[in-house]
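Trainee: I have a structure here, written as structure tokens, and I will follow up with some questions on it.
Please treat every number below as a calculation from the coordinates, not as lab data. Keep in mind it's a predicted model, so treat the numbers as computed, not measured. No Cβ is skipped: glycine too gets one built from the backbone with ideal geometry, and neighbour counts run over all protein chains shown.
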Ligand SMILES: [Zn+2]
Ligand SMILES: [Zn+2]
């Protein structure tokens, strides 16, 4: 579908499945097909990376964040939805994922007194090219659902090679000194949002910086968790 046809369709039929983009009745958020096909992560989950125990690769790996959780695996319709979010930034897409993320936060992090929600930042050039930060869209929509404030406290000061092109070992080294803290995080319990967790290196580096600046605890939540290939583990 051309961008113009898509834009016109959105004006006249504003309700879409947030995963596959199918037109829906106004009261629906997701189509029946996606509801059945969505790659949900079911408990019991790993208390570090949030994947089902069978897909966890944590081992003895140390992380600066307390835990990370995700409603979906980065597969099938969830992967498709995240691609739509990153390429088009639709509000309904962000809100659909945010609703699922808020649900796992309530289930897994219930009772944790978060001070605010924040997101993994983009470098200003990356943000300029895309026009928005998808993690921020998810974070703001989720904060609203959870009744928590949203705060911008992280900034990305160095442009990095795309994470996809690097192996896991290179990834962790690649992020050293990439992020900086630009807000008051001292003594705070932070809920940190990103679109996808792969090796966890990005969340780890952000959490490390937040803790250097005095954050009490950092909990991650992402829309999806990638299932890693053996060479990525
Ligand atoms: Zn759908
Ligand atoms: Zn794990």
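Trainee: Evaluate the Kirkwood expression for the hydrodynamic radius of segment 42-232, namely the inverse of the mean inverse distance over all pairs of different C-alpha atoms, and round to one decimal in Å.
Mentor: That comes to 16.5 Å for segment 42-232.
Trainee: For helix 91-109, what angle does its Cα long axis make with the longest principal axis of the chain, in degrees from 0 to 90 and rounded to 10?
Mentor: It is inclined by approximately 50 degrees.
Trainee: Would you mind getting the Kirkwood hydrodynamic radius of segment 55-122 from its Cα pairs, rounded to one decimal in Å?
Mentor: With all distinct Cα pairs of segment 55-122 included, I get 14.2 Å.
Trainee: Where in segment 177-195 is the amide nitrogen less than 19 Å from a point lying 7 Å along the Cα-to-Cβ axis of residue 159?
Mentor: 177-180
Trainee: Based on the Cα gyration tensor of segment 36-89, what are the three equivalent ellipsoid semi-axes, each the root of five times an eigenvalue, rounded to whole Å and given largest first?
Mentor: With the √(5λ) rule applied to segment 36-89, the semi-axes are 24, 14, 8 Å.
Trainee: Separate question: So what are the radius of gyration and Dmax for the Cα set of segment 1-140, in Å?
Mentor: 16.7, 53
Trainee: Taking the mean number of other Cβ atoms within 10 Å as a proxy for protection, how do you rank 220-226, 62-68, 83-89, 93-99 from highest to lowest?
Mentor: Result, highest mean first: 220-226, 93-99, 62-68, 83-89.
Trainee: Also, I was wondering about something else. Starting from the Kirkwood radius over alpha-carbon pairs of segment 185-233, derive D by Stokes-Einstein at 10 °C in a medium of 1.306 mPa s and give it in µm² s⁻¹.
Mentor: Diffusion coefficient, whole number: 138 µm²/s.
Trainee: Shifting gears a bit: Normalised by the residues of segment 42-232, what does the relative contact order come to in percent, with Cα pairs under 8 Å and at least six apart?
Mentor: 29 percent
Trainee: Set the Förster distance to 22 Å, then compute FRET efficiency between residue 37 and residue 3 from the Cβ-Cβ distance, nearest 0.05.
Mentor: With R0 = 22 Å, the Cβ-Cβ based efficiency is 0.25.
Trainee: By how many degrees, between 0 and 90 and to the nearest 10, does the Cα long axis of helix 201-212 differ from the longest principal axis of the chain?
Mentor: For 201-212 against the chain, the angle is about 50 degrees.
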